[in-house]
Amino acid sequence: MTSAPTHHVAIVGTGYVGLTTGAALASLGHRVVCADIDAERIDRLRQGHIPIVEEGLEAMVRRESVAGHLSFESDSAVAVAGADVVFLCVPT
């Protein structure tokens, strides 16, 4: 049995939709970079401070970050470079 291929996924926007989507995709084994223009938010996420209350999200973000599946970037151009898929999860 072969494992599912992994993809490089970029998520632009680290609010409720972007962060939870990124963490879920990372938990499936994809390499996910979540980007946001708010550099302070990115710094807090890198430090493990999750601004969203969702059961299991904090542990999932921590686990996937440590595993190298999930990272955070304040430069969207860097985040999307080489991505197979880009999700825009910004306020409309």
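Find the residue count for the range 39-55, including only residues that are more than 14 Å from S71 (Cα to Cα) and under 14 Å from the mean Cα position of the chain (by Cα). Break it down stepwise before answering.
Within the range 39-55, the subset more than 14 Å from S71 (Cα to Cα) is 40, 51-55.
Next, only the ones that are under 14 Å from the mean Cα position of the chain (by Cα) stay: 51-52.
Here the count works out to 2.
Pairs only if they're at least six apart or on different chains, beta carbon under 7 angstrom, first in the range 18-41 and modelled with pLDDT under 95, second open to solvent by 40 Å² or more (accessible area, probe 1.4 Å) and β-branched (V, I, T); list them, first residue then second.
Short answer, once both residue conditions are applied: G29/T6.
The values are calculated or read from the model by the stated rules, or taken from the named source; none is laboratory data. Given the structure is predicted, the values throughout are model-derived calculations rather than measurements. Backbone-built Cβ (ideal geometry, glycine too); neighbour counts: all protein chains shown. For accessibility, only protein heavy atoms count, side chains too; no ligands or nucleic acids. Shrake-Rupley method; radii C 1.70, N 1.55, O 1.52, S 1.80 Å.
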